[in-house]
Amino acid sequence: MNDILPGEVETWQFLEQSAREIFEIYGFSEIRTPVPEKTELFCRSIGETTDIVEKEMYTFADKSQNSMTLRPEGTAPVMRALIQNRLYNQDSVTKLYYLGPMFRYERPQKGRYRQFHQLGAEVLGVEDPKIDTQVLAMLHHYFRSIGIDSVSLQINSLGCPQCRPAYREILVAYLESRLAALCPECQRRYLVNPLRVLDCKVPGCREATTDAPAMIEHLCADCETHFSQVQKHLVALEIPFEVNSRMVRGLDYYVRTTFELVTDQLGSQNAVAAGGRYDGLVEGLGGPALPGIGFAIGLERLVLLKGSEKIAPRVPVVFIAALGDAAVDPAFVLMSQLQAAGVRAEMDYQSKSLKAQLRRANKLNARYSLVLGDEEIASGQAQLKNMADGTQTPVSLAGLVDLLVEKNS
Ligand code: HAM
C-alpha cells in the first residue's frame, strides 16, 4: 500500500481529470460506492473458485458479526448500487464510471499492490456489439489523450452459457490428457475452473497447453456473429487490436467480449486495463436481466507508464516578502487578497530576514516576488520582480490583484 505524495499526486490528478473529461464526452456519470461491501456480493459475482475470492480478499467480521470485505474490484459494487437504487429505470442505457481504491491481498511487486486504484466504467442495457466497440473506442481515446501509446489492445470472446459448457468439456478432456505435465495448482483446479489453466504463468503449463482448444473456435452462432461485429466496428473506427484466444479473465462473470490493454514495459504485470461483457451478472445478483460491459484501468500502472514525464507541480505566482516587522501584517493582507482573487500567492509567516524569505521564494519557484517595506506601504508603489530573468517592473499596490489575476490566466 502506498502513500501518494506531493510531486507524484500531480500525475494522478492529471490522469483522473482527463478521464472525467473524456468519459463525460461519452455520456458517463460518476458513481461512488462504499469501500466495504458484504462478502457475499463478491463470492456471488467474481466467483467462489477465483484467486480473488479464494485467496486475496480483505475480509473481516464487523461488530455485528456480518462478514464484510474491502472491495477487490468495482464492478460488483456498482451492480449492487444499480439494483438497490433502480438506476436502470432512468434510461434504457445506464453509463457509469468510478474511481477509487481497491484491495487485494496479493504478493506485492512492481505494478501490483494490496491497495491499488481503479478507474472503471460500466454500460448497462445494451447487447449490441456497437457498445463493445464504443467502450473500447473510449479507452483508446483516453490513452491517446494522456499521451500513452505503448499499450496494445487484445480481445477475445469467452462465449455464453449456451456454448461455453460444451467447450469446457472439450477443454477438460484435453487437460486430462496432459494432467501430469501441469503444475499442482492447475491439477487441482482444472475441473472446477479449467479456463484458468490457460492463463497459468508456469512455463510447464504453458508448454503443455500450446495447442489447447480455443473458445473462439467453439462459439455458438450468436456469439460468433457478436464477436465478428465487434471486430468489424473496431476496424471501421481504425482502432488497432489483435485477437488473443488464450486470454482468460480472472473473474467468473464474463461472457462474450473480453479485452486487455497490455504493455511490455511493466514486467509481468502487463495489463494496464482490462474488462469485458457480463450479461448475466445483474440478474444473478437479483436485478433485472440487463446486459453489461465495462473495464477498469489500474491507475498505479498508468502512473508507472506515464512516470518519466512528470507533471510539474503548481508553483506560486507571487511571493510577498515583508521588509521589517511593520510590513508583515500588510503583507499578510495583500497575500490573502491575492489568494481570494485566485492567484497562487505565498509569504513567510514568521518574520525571517529578507534574504531568507527570497531564498524560499526561489526554492518554491515563484514566478514573481514583491518586497513590501515601510516605503512601499507609504507610497503605494512596489517593484514586481520576475524571478526567471531578474527584471523589475514598478507596480501600484492597489492594482496588483488585477495585474496578477491577468498574468495568472
Ligand atoms: P481486473 O483485471 O481484475 O478486472 O483488474 C483491472 C485492472 O486493475 C488490471 O488490468 C490492473 O491494471 C489493475 N489491477 C488489478 N489488480 C491490481 C493490483 N493488485 N495492483 C495494481 N493494479 C491492479 C477488474 O477488476 C474488473 N472489475 C474490470 C471490469 C470492469 N470488467 C468489467 N467492468
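Surrounded by fewer than 22 Cβ atoms within 10 Å (Cβ to Cβ), closer than 18 Å to Thr393 by Cα, small (Gly, Ala, Ser) and outside the structural domain of Met79 (by TED's automatic domain parsing) - does that describe any residue in region 351-374?
Within region 351-374, one or more residues are surrounded by fewer than 22 Cβ atoms within 10 Å (Cβ to Cβ), closer than 18 Å to Thr393 by Cα, small (Gly, Ala, Ser) and outside the structural domain of Met79 (by TED's automatic domain parsing).
Yes/no matrix, rows are residues, columns are (1) at pLDDT below 95; (2) in the same structural domain as Gln118 (by TED's automatic domain parsing); (3) closer than 27 Å to Glu106 by Cβ; (4) crowded, with 19+ Cβ neighbours inside 10 Å:
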| position | (1), (2), (3), (4) |
| --- | --- |
| Arg20 | no, yes, no, no |
| Phe28 | no, yes, no, yes |
| Ala61 | no, yes, yes, no |
| Ser67 | no, yes, yes, no |
| Ala76 | no, yes, yes, yes |
| Arg86 | no, yes, no, no |
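Tell me, please, whether a residue that is in a loop (DSSP other than H, G, I, E, B) and under 22 Å from Ala271 (Cα atoms) can be found in region 74-87.
yes
Determine whether Ile4 is β-branched (Val, Ile, Thr), outside the structural domain of Asp279 (by TED's automatic domain parsing) and surrounded by 13 or more Cβ atoms within 10 Å (Cβ to Cβ).
yes
From Arg107, Arg44, Arg86, Arg114, grab the single residue that is touching a strand residue (DSSP E or B) at 6+ places or on another chain (Cβ under 8 Å) and basic (Lys, Arg).
Every option except Arg114 fails the conditions.
So that you can scan it fast, the table gives a plain yes or no per residue for (1) of a type outside the set (A, V, I, L, M); (2) without any contact (Cβ under 8 Å) to a residue 12 or more places away in the chain:
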position: Arg359; (1), (2): yes, yes
position: Ala366; (1), (2): no, no
position: Ile377; (1), (2): no, no
position: Ala382; (1), (2): no, no
position: Met387; (1), (2): no, no
position: Thr393; (1), (2): yes, yes
position: Leu397; (1), (2): no, no
position: Leu404; (1), (2): no, no
position: Lys407; (1), (2): yes, no
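I'd like to know if region 245-256 contains one or more residues that are surrounded by 18 or more Cβ atoms within 10 Å (Cβ to Cβ), touching a residue at least 40 places away in the same chain (Cβ under 8 Å) and under 15 Å from the mean Cα position of the chain (by Cα).
For region 245-256, residues surrounded by 18 or more Cβ atoms within 10 Å (Cβ to Cβ), touching a residue at least 40 places away in the same chain (Cβ under 8 Å) and under 15 Å from the mean Cα position of the chain (by Cα): absent.
I need a count of the residues in region 231-263 that are in contact with a helix residue (DSSP H, G or I) (Cβ under 7 Å, 6 or more places away or on another chain) and more than 26 Å from Val197 (Cα to Cα).
Within region 231-263, residues that are in contact with a helix residue (DSSP H, G or I) (Cβ under 7 Å, 6 or more places away or on another chain) and more than 26 Å from Val197 (Cα to Cα) number 4.
Let's see how each residue does on (1) over 15 Å from the mean Cα position of the chain (by Cα); (2) crowded, with 22+ Cβ neighbours inside 10 Å; (3) in the same structural domain as Arg20 (by TED's automatic domain parsing):
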site: Gly120; (1), (2), (3): no, yes, yes
site: Gln134; (1), (2), (3): yes, no, yes
site: Ala137; (1), (2), (3): yes, no, yes
site: Ser150; (1), (2), (3): yes, no, yes
site: Val172; (1), (2), (3): yes, no, no
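Considering only residues that are within 7 Å of the ligand (Cβ to nearest atom), among the charged types (D, E, K, R) and in contact with a Gly (Cβ under 6 Å, 6 or more places away or on another chain), which ones fall in region 102-130?
Listed by number, the list holds a single entry, Glu122.
Looking at Lys232, Lys201, can you tell me which residue is surrounded by fewer than 17 Cβ atoms within 10 Å (Cβ to Cβ) and modelled with pLDDT of 95 or more? It would help to see each step written out before you state the result.
Numbers: Lys201 fails: modelled with pLDDT of 95 or more.
So the residue among Lys232, Lys201 that is surrounded by fewer than 17 Cβ atoms within 10 Å (Cβ to Cβ) and modelled with pLDDT of 95 or more is Lys232.
What number of residues within region 375-394 are buried (at least 17 other Cβ atoms within 10 Å of the Cβ) and more than 23 Å from Arg314 (Cα to Cα)?
Total satisfying the criteria: 3.
Has region 83-101 got any residue that is in contact (Cβ under 8 Å) with a residue 12 or more places away in the chain, basic (Lys, Arg) and more than 13 Å from the ligand (Cβ to nearest atom)?
No, region 83-101 contains no residue that is in contact (Cβ under 8 Å) with a residue 12 or more places away in the chain, basic (Lys, Arg) and more than 13 Å from the ligand (Cβ to nearest atom).
The values are calculated or read from the model by the stated rules, or taken from the named source; none is laboratory data. Remember, it's a predicted structure, so these values are computed and weren't measured experimentally. Glycine also receives a Cβ, built like all others from the backbone with ideal geometry; neighbour counts cover every protein chain displayed.
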